[in-house]
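S.K.: Before we start, here is the structure in question, set down as structure tokens.
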Amino acid sequence: MSVINIQQNKNLAVITLREVFKNDVPILYVFHDLDGDFQFMPEVEELKMKDAYVVSLSQMFNLDNTLIKIVSILESGYRAERKFVGSEWTISKIEDEEESN
């Protein structure tokens, strides 16, 4: 498991939703998948692929500068979440679906 170097990966492609990128809803979840991909998500009941956006890591930092610290410490295979903007981020391991069944 590893963290990324933010300075060297500012242009890294990450996944979010249209509503997040348009700043209509807050980012409440950050996922750093085992394959190294990042996802920045709001509280949603159902994800729709048509709403997915691929943007750069630096674009996400421009939306919410608290993401800089989280991304710099979030190891692959872990996620961070918060209840609302301004609350503390908590980090936990991403549960493998097979483990939870």
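No value in this document is a laboratory result; all are computed from the given coordinates. Treat the numbers as computed from the prediction; the structure is a model and nothing was measured. Neighbour counts run over all protein chains shown; Cβ positions are idealised from the backbone, glycine included.
S.K.: Scaled to the compact-protein estimate 2.2 N^0.38 Å, what is the alpha-carbon radius of gyration of the range 1-51, rounded to two decimal places?
M.R.: 1.23
S.K.: About the Cα centre of the range 7-100, what is the dipole size in debye to 20, counting +1 per Lys and Arg Cβ and -1 per Asp and Glu Cβ, all else neutral?
M.R.: The dipole magnitude comes to about 620 debye.
S.K.: Which FRET efficiency value, to the nearest 0.05, do you get for K10 and A52 by plugging their Cβ-Cβ distance into 1/(1 + (r/R0)^6) with R0 = 22 Å?
M.R.: Efficiency at R0 = 22 Å is approximately 0.60.
S.K.: Could you tell me the extents of the chain's C-alpha atoms along the three principal axes, largest first, rounded to whole Å?
M.R.: 36, 33, 27
S.K.: May I ask for the net charge around E43, where only other residues with Cβ less than 10 Å from the Cβ of E43 are counted and Lys, Arg are +1 while Asp, Glu are -1?
M.R.: -1
S.K.: Next up: Stretch T90-V25 to full length: gain in nm at 0.36 nm per residue minus the Cα-Cα span?
M.R.: Taking T90 through V25 to full extension adds about 21.5 nm, to one decimal.
S.K.: Still on this structure, I have one more. Give the order of T16, T66 when sorted by the count of other beta carbons within 10 angstrom, beginning with the fewest.
M.R.: Ordered from fewest to most neighbouring Cβ atoms within 10 Å, T16, T66 come out as T66, T16.
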